[in-house]
Every structure is written in C-alpha cells, then in structure tokens.
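Worksheet: one structure, shown below.
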Amino acid sequence: GFRHSYSSFLVLILKLGRSKHFSLVDDLLVRLKSDQYRVTPTLFSYLIKIYAEADLPEKALSVFYKMLEFNVKPLPRHLNRILELLVSHRNFIMPAFDLFKTAHKYGVFPNTKSYNILMGAFCLNGDLSIAYKLFNKMFERDVMPDVESYRILMQGLCRKSQVNRAVDLLEDMLNKGFEPDSLSYTTLLNSLCRKKKLREAYKLLCRMKVKGCNPDIVHYNTVILGFCREGTAMGAVKVLEDMPSNGCLPNLVSYRTLVGGLCDQGMFDEAKKYMEEMLSKGFSPHFSVSHALIKGFCSVGKIDAATEVLGEMLELREVPHTDTWGTIVPTICEDYETEKMEEILEEVMKIEIKRHKNSRGRHWIGGLLD
C-alpha cells in the first residue's frame, strides 16, 4: 500500500533523464498521470532542461503539449526555453514559429523575450522581413520591445549591408527613449567602417557620449581600424588623440593598428613618433609593426632612422624577426664604412636571438662580418 511521494518521482525523472534513459522517463510520466498525482510546473521545467542538455528539440517541443495533458498551464518561461532550443536548430525554426503563433490559444502569451528569440533566429537565417513583422507586431500587441529587440534588428540589417536603415533604427530607438547599449554601437560602428562611411562612424563615436554611452576601447579601436583600412591614417590619428579627453586611454591594439596604418601610407616619421609613444607607455609592438617601420625607412634611404628603431627594440630586449635582419643588414653594408658597420653589428650580437633561431642567426650575422 506504499505510495511514492511526488518528490521521489521528480528526483528519479531528473536522474534518469540526465542518464538518457528517456523511455523510462516516459513510463514514469504515464504512471504519474494514471495514479493521478498532482504535478507542478517544476516537473516540466526539469523535462525541458533534460531535453535541452541532450539536444533533443523535438522532445522539448512535446513537453509543451504534455503540460496541457496534465492540465498545467505553460508559463512564458517554459515557452521561451523551448523556443531557444528549437531555434538553435535551423530545421526547427518554423516549428518554433508555429508554437509561438499558437501559444495564445492555450493561454500563454509571448513576452518580449519570446519575440527576441524568434527575431534573432530569423535575422540569422536571413529572413529579415519576418523579423521586422515580428518587431512591428510587438507594438500592436502592447508588448514593449527592449534594447535587445532593437539591437537584434540592427545586427540583422548590418549583416544585409543595410547600414543606413540600421542607423535610422537607432534614431527611432533614441526618439522612443531607449538608451542603446555598448554592443548596439559596436555593431553600427563596425558596419559603417566596413561600408567606408568613416565620417558617419566618427560622428556616431562623438555622439555616443552626448547620448549617455561613453565610448570604450572597442569602439575607438573599431574606428581607428576603419580609417587605417581605407588609407586615411591621419583620421585614425585624430581618433587616437581624442581618446584621453573622453576618458579612454589607447591600448596596445590602438597603437599597433595606427603605426601599421601610417607605415602603409609611407608616413614613417609619424609612425615612428607613435611607436615611441607606445613604447614609453610600456606597450610592446608586434614584430610586424617594427619590421614595417624599419623596412619603410630603408626603402626611402633613411638608414639612421631604421637603425634607431632597431636600437630601441634591442634595448627593450625585443627580438626582431629574421626578415628585419634581412632588410637592414644588407642596407647597412651598402651605406656604411666597414668600421661603422662592425660597430653596429657587434652591438646586435650582444642581443640573444630566439632560441629556435639562435645558432643560425649568429652564424648568418657572423658570416656578414667576415
């Protein structure tokens, strides 16, 4: 005459489910119903969790209807968890959409998160028109969108290269009293830079602070990279110079990007200035940056400047790349008297080359000295 407690069923279902004995879980559900146990929403939260961990979207979808069989009204959190699992599988996006559209018939009304889940899925799937319709439906059904709702659409528009519409959406967002988050601005800045709309990107960067969102290092570096990619490194210089007054200090990436961009444009003296500023702040340039600068100076006959850069690197115990040696040593040989050349190379010999190039590097330089 012993009767198991409802808690015993819950524990056993959770254990069996995590061990992937799903047929035994189904047997226990049948027994719960036949023995007329009074079940709670917690049981179905467990089931959704089990099927999500096992990556079984179809089983998770069945939980929604299983709840109705037990006369338990699904809650929005149950709906959302099922939707999240369904849309993570491309071939289950439409079943998720069908569930979303019919949920109200069972007394479950999708909330903002529900809409965001579906909008995000359709945007990633390239179905931007459906995402837009869902966004507009939110207003019709008195469901208040949030910052994430706008950001999802902006990201979708940017993926489709519709950056102007994304900027318009930002304006609409601001007009409705929403404060865009950092990621929303990052999305727009990146897209504007990729579309070569650098003036607009810089204006947006300046506007952020006015709208209560201080630009961070990611925002600044995005725009610096945009200017450098488009061969307008002096624009990147202006952005970097603006940073301290806006409470954001340049970091290693800021300097590396700027120095590389200046070198690409043949502005080697400017590049050297910012590399020295970079070094003074304790940042170490990537070997590609110092190599580009040394190679650039050599190409325009500024050997003293090239050796000065090399000297600064050696003083910091930074090991130049073998390509750097291959550029500067022959140039020194051509432009200096033997005595001066030996003096420079003997200083070079005092610096350890990386272990895997040590013996070969010393032999090569020694051969040049000979």
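The values are calculated or read from the model by the stated rules, or taken from the named source; none is laboratory data. Just so it is clear, the model here is predicted, and its values are computed rather than measured. Neighbour counts run over all protein chains shown; Cβ positions are idealised from the backbone, glycine included. The protein model used for the area step is the full one, side chains on, heavy atoms only, and it has no ligands, DNA or RNA in it. Shrake-Rupley method; radii C 1.70, N 1.55, O 1.52, S 1.80 Å.
Assorted remarks:
Matching residues to (1) aliphatic (A, V, I, L, M); (2) over 31 Å from the mean Cα position of the chain (by Cα); (3) modelled with pLDDT of 90 or more:
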residue: Val239; (1), (2), (3): yes, no, yes
residue: Leu252; (1), (2), (3): yes, no, yes
residue: Gln265; (1), (2), (3): no, no, yes
residue: Val300; (1), (2), (3): yes, yes, no
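- When Ser184, Ser161 are screened for being crowded, with 23+ Cβ neighbours inside 10 Å and either more than 18 Å from the chain's Cα centre (by Cα) or in contact (Cβ under 8 Å) with a residue 24 or more places away in the chain (or both), only Ser184 passes.
- Residue selected from the range 79-94 under the condition touching a residue at least 24 places away in the same chain (Cβ under 8 Å) and of a type in the set (A, V, I, L, M), by the criterion farthest from Pro41 (Cα to Cα): Ile93
- Among the criteria (1) modelled with pLDDT of 95 or more; (2) of a type in the set (D, E, K, R); (3) more than 29 Å from the chain's Cα centre (by Cα), the one Lys113 does not fulfil is (3).
- Taking the criterion of being farther than 11 Å from Leu198 by Cα, open to solvent by 30 Å² or more (accessible area, probe 1.4 Å) and assigned to a helix (DSSP H, G or I), the residues of the range 214-232 that qualify are Ile217, Val218.
- Flag if Leu225 is under 20 Å from the mean Cα position of the chain (by Cα) and under 25 Å from Leu128 (Cβ atoms): no
- Matching residues in the range 42-83 - criterion: being in contact with a Lys or Arg (Cβ under 8 Å, 6 or more places away or on another chain) and closer than 13 Å to Tyr6 by Cβ: Phe70
- Of all residues making up the range 66-103, the number that are of a type in the set (S, T, N, Q) and open to solvent by less than 50 Å² (accessible area, probe 1.4 Å): 2
- Selection status of Lys195, farther than 18 Å from Met313 by Cα and surrounded by fewer than 14 Cβ atoms within 10 Å (Cβ to Cβ): no
- Each residue in the range 16-48 was checked for being basic (Lys, Arg), in contact (Cβ under 8 Å) with a residue 24 or more places away in the chain and not in a loop (DSSP other than H, G, I, E, B), and 2 of them qualify.
- In the range 110-135, residue least open to solvent (accessible area, probe 1.4 Å) [restricted to those that are within 17 Å of Asp146 (Cα to Cα) and assigned to a loop (DSSP other than H, G, I, E, B)]: Pro110
- Per the listing Tyr6, Tyr106, the residue uniquely over 29 Å from the mean Cα position of the chain (by Cα) and either open to solvent by less than 10 Å² (accessible area, probe 1.4 Å) or more than 28 Å from Ser149 (Cα to Cα) (or both) is Tyr6.
- Scanning the range 270-281 turns up no residue that is at pLDDT 90 or above, open to solvent by 30 Å² or more (accessible area, probe 1.4 Å) and more than 32 Å from the chain's Cα centre (by Cα).
- Selection over the range 136-154 of residues that are open to solvent by 50 Å² or more (accessible area, probe 1.4 Å) and polar (S, T, N, Q) gives a count of 1.
- Residue list for the range 54-65, filter: open to solvent by 20 Å² or more (accessible area, probe 1.4 Å) and touching a helix residue (DSSP H, G or I) at 6+ places or on another chain (Cβ under 7 Å): Lys59, Leu61
- Test: residue in the range 169-180 that is modelled with pLDDT under 95, in contact with a Cys (Cβ under 8 Å, 6 or more places away or on another chain) and outside any helix (DSSP H, G or I): yes
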